[in-house]
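Below you'll find the structure, written out as structure tokens, and then a few comments.
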Amino acid sequence: MADFFSWVDKPLDGMAFLNMVIGAVIVLAFILGVVTYTIYFERKVIGWMQWRIGPNRVGPLGLLQSIADVLKLLIKEDIVPAKADRNIFLIAPILAFFPSFMVLAVIPFSATHIFTAASNVGVLYYIALSAMTIIGVVLGGWASNNKYSLIGGMRSAAQMISYEVPLAMSMLGVILLAGSLNLVKIVEAQQAFPYVWYVVPQILGFIIFIISATAELNRTPFDLPEAESELVAGYFTEYSGFRFAFYMLAEYVYVFAMSALGTTMYFGGWSGPFLPGWLWFAIKVSCFIFFFFWVRATMPRIRTDQLLTFAWKVLIPLSVVNLVATAVLKYLLK
Amino acid sequence: MGEIRTEELLMNIGPQHPSTHGVLRVVVKVDGELIVDADPVVGYLHRGTEKLAEDLQYTQIIPYTDRMDYLSSMVNNHAIVNAVEKAMDLQIPERAEYMRIIVVELNRLMSHLVFLGTYLLDLGAMTPFLYAFADREKIVEFFNRLCGARLTYNYMRIGGVKWDAPNGWLDDVREFVPYMRKQFDMFHELVTGNEIFLQRVKGIGQFDTETALNFAMSGINLRSTGFNWDLRKNKPYSIYDRFDFDVIVGENGDCFDRYMCHMKEMVESLKIVEQALEQIPEGPVMGKVPKIIRVPAGEYYSAIEGTRGELGVYIVSEGKDKPYRLKFRRPSFVNLQLLPQLLKGQSMANLIAILGAVDIVLGEVDA
């Protein structure tokens with residue numbers, strides 16, 4: 001079995017390519033399953049926080065609710081507004097959705113990481129690809145020919161560009177400590193001396209990371225691009241059916257991916273005592289996901305200008321301070 | 001490269017929009033995210049209540065008032081029966097007066113709970129909405145037991161109220177009061193201290209007392225500017241002079257003050273309910289009134305402190321059983337007048353915050 005999936009270190013030939021495709025499909029199916037139940041988990045958690053029960057009709061305990069929702073979206077009519085820019089309107093959700101799956105290629109799920117690549121530029125790859133989603137969002141907002149969508153798309157652009165910077169800068173601290181951009185190496189560095197997860201030395205970096213990640217994911221309190229009470233549904237107001245599902249899917253895959261990234265960078269990835277690595281990873285990721293949902297049930301929404309001011313005047317200076325402090329400390333302790 | 005051509009965007013917010021609280025339409029001109037010009041368009045819910053009233057006997061008008069400010073139907077009932085009773089100089093039984101005060105104040109509380117929930121929902125927080133509605137539901141249940149309706153009560157009559165409290169009702173309300181008081185501690189803890197919430201409402205939508213008076217504003221919108229004016233105190237009607245309660249006034253007249261006024265006024269309403277429950281005597285709930293109610297010829301105006309401001313009823317009578325003309329001074333409609341001025345230069349997000357804090361009910365704006 002291990003031999004079958006050892007295409008990582010081999011030259012590319014027909015068999016290796018086939019194995020690669022099979023591996024990718026397995027990861028894709030796995031993530032789809034995870035995302036389906038992430039949505040279920042969100043609805044249950046928020047339901048409990050709001051004195052409600054949450055979904056409980058479809059299947060036992062409502063476990064089939066998300067599946068039913070996805071099926072419904074898939075068989076719905078795919079409406080293209082008459083005055084929309086048709087071609088761009090059609091491909092925008094796909095543009096938003098592709099990178100969300102591609103970033104998962106570098107996340108090490110467990111110590112053996114059989115399906116994912118131990119790329120030497122893993123962090124850079126993640127940041128670069130996740131920034132591509134914004135193109136799909138802006139194009140979708142623009143092509144819909146709807147004023148709410150347009151404002152939603154523009155807000156999204158402003159927000160994502162602003163928060164990419166502190167997000168990347170906060171992770172630079174970890175990269176400095178680990179001395180590598182390789183996510184596997186980062187986890188291994190946390191397992192070695194002095195046996196401490198990077199959340200401890202990088203606590204400031206982690207706080208910046210989690211705030212920027214929430215903004216990057218367009219989640220409350222930074223869910224301006226899709227602010228329901230102002231913009232109806234933001235950039236995907238005009239979308240229906242499976243194109244709408246693509247946007248939602250991209251959003252939830254990113255929740256998972258960002259949680260996985262946070263786990264890997266700050267909480268030692270798969271490392272942990274007693275339990276198997278993949279279980280540790282799953283537990284840590286679930287805690288991250290729960291945190292995002294918890295914040296969503298608790299916070300009101302911040303305003304656009306406040307959001308941008310916060311990024312440029314608070315988070316970016318702080319992340320520079322964090323970076324410099326980390327570098328100095330590392331030099332002194334060497 | 002030439003200069004980039006920019007233009008203002010004309011947007012229709014509503015009539016179908018998640019946070020215009022009904023069918024209000026605001027035509028806004030936005031420059032980027034800033035509002036250059038805003039023009040509220042009303043009338044989508046106009047049902048001609050005032051015209052219809054001209055063909056109705058006075059008692060028949062009462063269910064129509066239920067549908068004006070549908071969040072506080074009891075208060076509207078009180079306005080019309082109070083106006084007719086004053087015009088006819090009727091005496092109504094003590095117990096009926098107390099029952100009226102209890103339901104009106106509970107209704108005020110209930111309406112403010114809707115404000116709390118929907119306002120926070122407008123600002124993007126989902127959870128307070130469900131918490132507020134869970135408590136509101138308890139009051140709705142009380143009203144349901146009292147008069148068989150959850151929203152449009154048609155409870156008061158000229159000369160009293162239709163039903164006496166059913167067995168155990170007053171005791172249940174008595175138990176509800178301390179429970180509700182505790183809930184406010186929770187609301188304050190969950191919402192009032194939240195930094196993001198404060199950022200969104202402090203200093204937003206500010207106006208001063210003079211502006212408010214010039215625009216004939218009343219209720220919380222006026223009081224939030226620091227002007228002490230509450231008809232329950234300043235021109236006591238019914239039996240409000242027997243209760244000990246404070247009029248809540250703000251300082252700055254911004255959205256935060258209006259929010260705080262709502263919160264504190266709910267506690268004052270509880271105080272009144274508590275005192276009324278202590279003092280309520282036994283006796284009939286319906287006084288002796290003529291079979292057919294005829295207001296003596298003349299013109300009458302009387303107002304009560306509605307949930308959203310001065311709710312006035314102006315009756316022109318020719319001595320018949322139907323009014324010649326009936327005019328409601330609807331506070332939501334009057335308070336809405338200032339909106340275009342408040343919105344100028346604000347961002348889209350502030351539009352929602354300001355509109356929500358002015359606290360209008362479209363049923364009352366359009367009547």
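The values are calculated or read from the model by the stated rules, or taken from the named source; none is laboratory data. A quick note: this is a predicted structure, and the numbers were derived from the prediction, not measured. Ideal geometry is used to build each Cβ from the backbone, glycine not excepted, and the neighbour counts take in all protein chains shown. With ligands, DNA and RNA removed, areas are computed over all heavy atoms of the protein, side chains included. Shrake-Rupley method; radii C 1.70, N 1.55, O 1.52, S 1.80 Å.
Solvent exposure of chain A amounts to 45 Å² per residue of accessible area, where only protein heavy atoms count and the probe is 1.4 Å. Taking a straight Cα-Cα cut-off under 16 Å and skipping sequence neighbours fewer than 8 places away in the same chain, the aspartates and glutamates within cross-link reach of B:K288 are B:E85, B:D89, B:E94, B:E97, B:D164.
Between the amide H of B:R25 and those of B:V41, distances stay under 5 Å, these residues lying 5 or more places away or on another chain, with hydrogens modeled in the peptide plane.
For the range A:304-326, a decrease in accessible area of 10 Å² or greater in the assembled protein chains relative to the isolated chain, with a 1.4 Å probe, applies to A:T304, A:Q306.
For the pair B and A, the buried accessible area comes to roughly 2500 Å² in total, with a 1.4 Å probe and the value rounded to the nearest 100. Note on the range A:79-332: Lys pairs 8 or more places apart or on different chains, Cα atoms under 29 Å apart, count 5.
Across the range B:237-246, coupling constants 3J(HN,Hα) worked out from phi with the 6.51/-1.76/1.60 Karplus curve, θ = phi - 60°, read 10, 6, 10, 5, 5, 8, 10, 9, 8, 9 Hz, and Gly and Pro carry x. Over what distance in Å are the Cα centres of the range A:144-186 and the range B:10-59 separated? What the calculation gives is 40 Å, centre to centre. Note: chain A, Cα convex hull, 154 Å³ per residue.
For peptide B:125-134, the mean count of partner chain Cβ atoms within 10 Å of a residue's Cβ comes to 5.
For chain B, the longest principal axis of the alpha carbon atoms and the long axis of helix B:94-122 meet at an angle near 10°. The aspartates and glutamates within cross-link reach of A:K76, meaning a Cα-to-Cα straight distance under 18 Å and a gap of 8 or more places when in the same chain, are A:E238.
Here the Kirkwood formula puts the hydrodynamic radius of the range B:45-366 at 20.1 Å, using every distinct Cα pair. Over the range A:79-332, with every protein chain in place, what whole percent of the accessible area is carbon and sulfur at 1.4 Å, could you tell me? The nonpolar share, carbon plus sulfur, comes to 76 percent. Estimated from the Cβ-Cβ distance and a Förster radius of 51 angstrom, the FRET efficiency linking A:A24 and B:T152 is about 0.30.
The modelled label-to-label distance for the pair A:L61/B:E189, using points 7 Å beyond Cα in the direction of Cβ, is 2.9 nm.
Compared with the rule-of-thumb size 2.2 N^0.38 Å for a compact globular protein, the range A:13-75 has a Cα radius of gyration ratio of 1.55. Solvent-accessible area per residue in the range B:224-311 equals 44 Å², computed with a 1.4 angstrom probe and all protein chains kept. Which percent of Cα pairs goes in each bin when the distances of the range B:75-153 are cut into 10 angstrom slices starting at zero? Per 10 Å bin, starting at 0, the Cα pair percentages come out as 17, 39, 27, 13, 4. A straight Cα-to-Cα reach below 18 Å connects B:K322 with the lysines B:K51, B:K86, B:K291, residues fewer than 8 places away in its own chain not being considered. For the pair A:F291 and A:L332, the difference between a 0.36 nm per residue extended length and the Cα-Cα distance amounts to 11.3 nm. Near B:D37, the amide H atoms lying under 5 Å from its own belong to B:K29; only residues 5 or more places off or on other chains count, and H is placed 1.01 Å from N. Taking 45 Å as R0, compute the FRET efficiency from the Cβ-Cβ separation of A:E77 and B:T209 and round it to 0.05. For A:E77 and B:T209, the calculated efficiency is 0.25. Each 10 Å bin from zero holds the following percent of Cα-Cα pairs in the protein assembly as shown: 3, 13, 21, 21, 16, 12, 8, 4, 2, 0, 0.
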